[in-house]
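Structure first, then comments.
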Amino acid sequence: MLLDVMQAGGGFILLEGNIISGEDVHVLGFESPETQVCAGLDSSSVQRLHFHKGFPDPLGWTCRSSFTVERFTSQHITQLIKDTQHAQASVLVVDSLSMVLRHHDPVVFCQTLQELRNGGVIKTIIGLLHSDLHQQGIVGIVCHLAGTVISVAPADNERLSVAKTTRRTKSGKVMQEEEYFSVSEDAALSVQAKPRQPGHVQRERDVSEADPTSNLTFNLRLSEDERKAKEKVALPFVFSQQKKSALLRPTPGSGRIVYEPDANDDFDEEDPDDDLDV
Amino acid sequence: MAAPVRGMAGSPSIGNTTSFQKKTRSKLVSIPGTRPSVQNGQLLVSSGVSSLDYVIGGGLAVGTLLLVEEDCYDSYSRMLLKYFLAEGVVCGHELFLASARDHPDEIMQELPSPIVDDVAGMKISEGQSQPSDPENPDTMKIAWRYQNQPRVQTALASSVRFGHYYDVSKTMEPELRQAAKCHSFYQLQETPVTTGSSPLPSPYHALLKSIQTVIRKEGFDGSTPQSKVRNVLRLGLHSLGSVLWGDDVCCKVNPAHCHALTTFLYALRGLLRTSLSVAMVTVPSHLIQNRAIMGRIIRLSDTAIALESFRGSEKETNPLYKDYHGLLHVCQLPRLNCLSSEVPDTKDLAFKLKRKQFTIERLHLPPDLSETVSRVSKAELAAGCGSTAMGNKHLDF
């Protein structure tokens with residue numbers, strides 16, 4: 001069960017990838033109209049896309065919307081999905097979760113998401129969350145619940161935006177990626193590799209690795225003959241291999257003192273001054 | 001601590017200067033998978049990771065609570081929980097697993113499989129001398145007398161074989177897993193109970209009731225006379241305090257139920273002290289907004305460790321940390337029936353999850369052998385105090 005949360009300052013979700021893979025997509029649109037989201041999709045894809053209108057009346061004040069924010073509970077949503085013909089392999093897209101979070105208790109909201117995830121009716125939930133509209137704690141708990149988090153921000157270059165993806169697998173592996181993308185007029189997404197940044201840290205590191213022996217007035221390098229002669233020099237404590245291994249053999253006690261008793265150590269208990277004539 | 005003697009065997013004094021004898025071992029129950037502590041005579045169980053046992057003073061004392069502060073993505077704390085449960089399965093203890101996010105059965109299926117052959121024996125001999133042979137590329141040319149000296153022993157391990165080793169790449173066999181009795185509590189499946197007078201919100205109350213029922217029914221607190229061999233109950237509680245447990249301590253600075261988790265831990269510790277059980281609780285401390293609540297949670301548990309993973313942080317590219325997966329902080333160690341506790345001699349601990357071992361090592365700075373370090377600084381100095389401001393690198397004498 002995947003839960004994608006996109007943090008964005010703005011922008012809308014592109015659904016083409018999901019529809020092409022043959023899944024049913026249910027969109028709960030609270031923030032953008034249907035025409036904007038479905039623009040650019042061909043007719044067969046539109047059939048698999050079920051848009052539940054929440055915009056422009058997400059709270060149901062003028063009774064013009066089919067799905068209001070209060071109805072974001074697991075029973076209602078499961079019912080909504082089961083009402084359509086095929087109720088398998090559904091993807092639920094919520095635009096946006098911020099709207100729902102403002103009118104529901106965060107604890108209840110997270111429990112709803114968990115119930116939807118484990119319900120079996122929905123395979124994937126993709127939600128858009130505006131991170132600047134909530135407190136840090138709330139953004140933290142929703143991201144903690146999510147299996148994949150994509151953070152979108154404008155890059156230094158105005159034309160491109162950067163998307164940082166963090167994916168968590170069941171086994172505990174975490175994968176992170178950073179991609180640059182741009183959205184064109186007809187809602188086509190083009191992902192690019194990281195653009196080269198002018199005059200940055202990598203250049204400086206190259207400079208410091210220049211060979212220091214190059215521009216000197218004296219010679220610090222060795223020619224081939226000199227290197228051979230250097231290796232032939234006999235080092236003072238270089239022994240043959242047998243002597244080395246004999247010295248290296250582990251002795252039973254390192255630091256053992258070998259001492260032969262001296263003449264002065266011959267101590268007689270009964271004659272300490274050694275002057276008795278016995 | 002005026003607790004019944006069963007869980008913790010008290011001994012009056014262990015100091016060398018007194019002539020008191022330590023209480024005889026006959027008071028301690030002999031349960032498989034446990035051993036008495038050499039420091040204060042408590043009954044210890046292994047946490048599943050032998051390096052962690054060494055760091056927290058030999059093992060987890062029966063009747064205590066181990067708090068693990070989770071890392072950001074909950075990968076290593078979950079691994080520690082699985083090690084804890086796997087150790088319980090291998091030693092034949094009973095298990096109790098509670099989780100709100102993933103079903104306990106899923107966690108049980110991911111337990112690592114134990115390594116049967118004696119890995120600990122091999123590890124101890126690794127540090128000793130290796131016979132030198134001429135083809136060995138490690139033979140040194142000039143300092144050859146130091147060839148056979150043991151390398152710096154950074155891995156922390158005690159010499160006594162207490163815990164087991166696990167292979168993370170394989171999961172435990174179902175027969176072995178089913179041989180152990182496991183009680184589970186899955187938050188999502190519990191029907192909410194109306195708690196009129198309880199200070200705890202509903203999920204914690206239900207969890208506490210469930211633990212109490214298990215302890216009483218299976219006789220871990222001595223209430224029912226057990227005819228069979230006494231056993232230890234291992235409780236694993238995953239991600240307490242997270243939103244899925246119905247607690248809002250993670251989303252607000254002033255949560256509505258700010259005493260919920262602390263009350264639960266207090267009651268849990270009371271249950272643990274009066275029974276033969278050990279609990280391991282993981283808490284997503286990075287989400288808890290109010291540091292005072294986190295401090296209370298640490299004080300209410302006995303042993304507290306925090307995992308800090310390098311994944312996703314700027315420390316990942318730091319060359320100092322390139323061999324490790326994260327840092328381990330020991331926040332608190334218990335003083336059980338004694339005045340002082342044994343602390344590990346170093347606070348800089350780093351962990352690494354290898355396939356066959358979760359090692360916790362002393363983080364030490366490697367010798368600074370890089371040649372560019374001193375060269376760069378000398379070049380900058382020369383440019384600074386030299387007369388040529390054009391950056392001419394000629395060293396002219």
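Considering only residues that are charged (D, E, K, R), part of a loop (DSSP other than H, G, I, E, B) and either away from chain A (no Cβ under 12 Å) or closer than 21 Å to B:TYR54 by Cα (or both), which ones fall in segment B:286-315?
First pass over segment B:286-315, keeping only residues charged (D, E, K, R): B:291, B:296, B:299, B:302, B:308, B:311, B:314-315.
Next cut, part of a loop (DSSP other than H, G, I, E, B) only: B:302, B:311.
Residue satisfying the conditions is B:ASP302 alone.
Identify, by number, the condition in (1) free of Cβ contacts under 8 Å to residues at least 60 places away in the same chain; (2) in contact with a helix residue (DSSP H, G or I) (Cβ under 7 Å, 6 or more places away or on another chain); (3) assigned to a strand (DSSP E or B) that A:ILE141 doesn't meet.
Tallying (1) free of Cβ contacts under 8 Å to residues at least 60 places away in the same chain; (2) in contact with a helix residue (DSSP H, G or I) (Cβ under 7 Å, 6 or more places away or on another chain); (3) assigned to a strand (DSSP E or B), A:ILE141 fails exactly one: (3).
In segment A:142-174, what residues are crowded, with 16+ Cβ neighbours inside 10 Å, at pLDDT below 80 and under 23 Å from B:GLU106 (Cα atoms)?
The one that is crowded, with 16+ Cβ neighbours inside 10 Å, at pLDDT below 80 and under 23 Å from B:GLU106 (Cα atoms): A:GLY172.
I'd like the full set of residues that are of a type in the set (S, T, N, Q) and either assigned to a strand (DSSP E or B) or modelled with pLDDT of 90 or more (or both), limited to segment B:175-205.
Of everything in segment B:175-205, just one residue is of a type in the set (S, T, N, Q) and either assigned to a strand (DSSP E or B) or modelled with pLDDT of 90 or more (or both), namely B:SER184.
Residues A:VAL69, A:VAL162: which one is of a type in the set (Val, Ile, Thr), within 27 Å of the chain's Cα centre (by Cα) and away from every other protein chain (no Cβ under 14 Å)?
Exactly one residue qualifies, and that residue is A:VAL162.
So is A:GLY147 away from every other protein chain (no Cβ under 11 Å) and under 29 Å from B:VAL253 (Cα atoms) or not?
no
In segment B:69-107, which residues are under 13 Å from the mean Cα position of the chain (by Cα), within 10 Å of chain A (Cβ to nearest Cβ) and among the hydrophobic types (A, V, I, L, M, F, W, C)?
B:MET79
Taking only segment A:210-241 into account, find how many residues are surrounded by 10 or more Cβ atoms within 10 Å (Cβ to Cβ), in a loop (DSSP other than H, G, I, E, B) and away from chain B (no Cβ under 14 Å).
2
Can you name every residue in segment B:316-340 that is in a helix (DSSP H, G or I) and in contact (Cβ under 8 Å) with a residue 12 or more places away in the chain?
Hits for segment B:316-340 are B:LEU320, B:TYR321.
Tell me whether segment B:35-44 contains one or more residues that are at pLDDT 90 or above and of a type in the set (Val, Ile, Thr).
Scanning segment B:35-44, I find no residue that is at pLDDT 90 or above and of a type in the set (Val, Ile, Thr), so the answer is no.
Would you call A:ASP273 modelled with pLDDT under 75, among the acidic types (Asp, Glu) and more than 30 Å from B:ARG145 (Cβ to Cβ)?
Working: modelled with pLDDT under 75: no; among the acidic types (Asp, Glu): yes; more than 30 Å from B:ARG145 (Cβ to Cβ): yes.
Judged against the criteria, A:ASP273 is not a match.
Considering only residues that are closer than 24 Å to A:THR165 by Cα, at pLDDT below 85 and more than 14 Å from chain B (Cβ to nearest Cβ), which ones fall in segment A:100-125?
Answer for segment A:100-125, where residues must be closer than 24 Å to A:THR165 by Cα, at pLDDT below 85 and more than 14 Å from chain B (Cβ to nearest Cβ): A:ILE122, A:LYS123, A:THR124.
Go through B:LEU307, B:LEU336 for me and flag whichever is hydrophobic (A, V, I, L, M, F, W, C), modelled with pLDDT under 90 and crowded, with 20+ Cβ neighbours inside 10 Å. Walk me through it before giving the result.
Numbers: B:LEU307 fails: modelled with pLDDT under 90.
Selected residue: B:LEU336, the only one of B:LEU307, B:LEU336 that is hydrophobic (A, V, I, L, M, F, W, C), modelled with pLDDT under 90 and crowded, with 20+ Cβ neighbours inside 10 Å.
Need pairs with beta-carbon distance below 6 Å; first residue in contact (Cβ under 8 Å) with a residue 24 or more places away in the chain and within segment B:252-271, second surrounded by fewer than 17 Cβ atoms within 10 Å (Cβ to Cβ) and not in a helix (DSSP H, G or I); sequence gap 6+ or separate chains.
Between residues of segment B:252-271 that are in contact (Cβ under 8 Å) with a residue 24 or more places away in the chain and residues that are surrounded by fewer than 17 Cβ atoms within 10 Å (Cβ to Cβ) and not in a helix (DSSP H, G or I), the close pairs are B:VAL253/B:ASN290; B:THR263/B:PRO199.
Just checking, does segment B:229-241 include any residue being at negative phi and within 14 Å of chain A (Cβ to nearest Cβ)?
Taking every residue of segment B:229-241 in turn, at least one turns out to be at negative phi and within 14 Å of chain A (Cβ to nearest Cβ).
Here are some conditions: (1) among the hydrophobic types (A, V, I, L, M, F, W, C); (2) crowded, with 16+ Cβ neighbours inside 10 Å; (3) at pLDDT 60 or above. B:ALA157 meets all but one. Which one does it not meet?
(3)
The values are calculated or read from the model by the stated rules, or taken from the named source; none is laboratory data. Computed from a prediction, not measured in an experiment: that's the story for all the values here. Glycine gets a Cβ as well: all are built from the backbone with ideal geometry, and neighbour counts include every protein chain shown.
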